[in-house]
Amino acid sequence: MSTSKLISSNFKFWSYLIFLIPSFFCTLFVLYVFLFDRNQRRALNNHVLIVLLLTVLLCEVSMYPWMLYYYLHGTNWKRPYFFCQIWAFIDWAFYVLQIALFAWTTVERHILIFHDGWLVTVKQRFVLHYLPIILIVTYYFVFYFIVYFYPPCENISDGIGLIAFSVCLYDSMAFRIFETIVNCIFPSLTIVVFSIALLLRVLRQKQRMRQAITWRKHRKMTIQLLSISFLYLIVTCPYGFMILLRICGLSNDIGVDVESVAVFLSYYIVLLFPFVTVFSNPELSTKLRGCLRWKQTSIRPEIMPAQRVNL
């Protein structure tokens, strides 16, 4: 991704840092609950979220500290080619991977809510639940690993800009169109279509159902999905729309400021995702509030009762 020229480096440094620190600890908290709480770990709707949170954690301990360091030192930070190559790979490959994984989440949520009978046997769960996740991660990893590390042409790095790495395959219009439509636009459209469809199906089912317990379960899964969908669409769609306009022939001189803001906002998908995951999940919210209350109680100074003075 390109870097924004409209927003100052100092503003970007502090705005990202303010969110990065609590986001990192929030990611650790959610992963801990999802992995070590038996009920949360066995819940099929949490498995894709675990993979997404692992990609978030990787970005938070690698790419974002590098970005902050760059915003402090700017062009004075000269980086070797291989470092820029790894940075560029993480920056873009994990960005589109997160969109694709969540796109599958919007599809799978229909199965979990309305067709849970499809996941009864071990074979059914593997084919309809685990295999799609494996295929998506494998496809995006292999695709961009070849693009960034073993392309049929020569990539270029000047070691000066934020990413400081240019992919030679993007010089091919055919490749840019394929990569944009298949890897970016299609997953984004999937999020829109299946999120709206889920909302309509749940509202329709609510009117027909009399089982309050089942409805509460479906409502929690729906609210969680729609909350994260809203985050993805608000943060990623402006940048994706600008990429599409460039491919359609929009001049690089037009919409520069809009694109720079869109790029700046796109980096918040990683920083905000853990928070939305927590606050859209009642169990996680309750556990987090309990941890915060316990910490406040544990650090509160003990007040000794006043001793009566016998006269």
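Read-outs throughout are calculated quantities, based only on the coordinates presented, and are distinct from any laboratory measurement. Every value quoted in this text rests on a predicted model; they were computed, and no experiment measured them. Using ideal geometry, Cβ is built from the backbone for each residue, glycine included, and neighbour counts are taken over all protein chains shown.
As a footprinting exposure proxy, order 283, 259, 154 by other Cβ within 10 Å, with the fewest listed first.
Numbers: 283 14, 259 23, 154 7.
With the sparsest Cβ surroundings first, the list reads 154, 283, 259.
At 20 angstrom or more along the helix axis (alpha-carbon based) and mean Kyte-Doolittle of 1.6 or higher, what helices does the chain contain? Whole DSSP H runs only. It would help to have the intermediate numbers written out before the result.
Details: long enough: 9-36 (39 Å, 1.63); 47-61 (22 Å, 2.61); 81-114 (50 Å, 1.19); 131-149 (26 Å, 2.21); 186-208 (33 Å, 0.86); 212-247 (49 Å, 0.85); 282-299 (26 Å, -0.63).
Once both thresholds are applied, what remains is 9-36, 47-61, 131-149.
At 0.36 nm per residue, and after removing the present C-alpha to C-alpha distance, how many nm does the segment from residue 193 to residue 168 gain when stretched out fully? Don't jump to the answer; show the numbers that get you there.
On the way: separation 25, 0.36 × 25 = 9.00 nm, distance 3.33 nm.
Result for the pair: 5.7 nm of gain on full extension.
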Within segment 110-144, find all residues whose amide N lies under 20 Å from a label point positioned 7 Å from the Cα of residue 175 along Cα-to-beta-carbon.
-> 139-144
What ranking do 219, 201 get, fewest neighbouring Cβ atoms within 10 angstrom at the top?
-> 219, 201
Cβ crowding within 10 Å averaged over residues, with 48-60, 140-152, 185-197 ranked highest first | 48-60, 185-197, 140-152
Rounded to the nearest 0.05, what FRET efficiency is calculated for residue 279 and residue 50 with R0 set to 25 Å and r the Cβ-Cβ distance?
-> 0.90
Here the cysteines of the chain without any disulfide-compatible Cβ partner under 4.7 Å are 26, 59, 84, 184, 237, 248, 291
Count of lysine pairs, the chain, Cα-Cα under 30 Å, sep. 8 or more residues or interchain, comes to 11
What is the distance, in nm, between label points placed 7 Å from the Cα along the Cα-to-Cβ direction at residue 75 and at residue 62?
-> 2.9
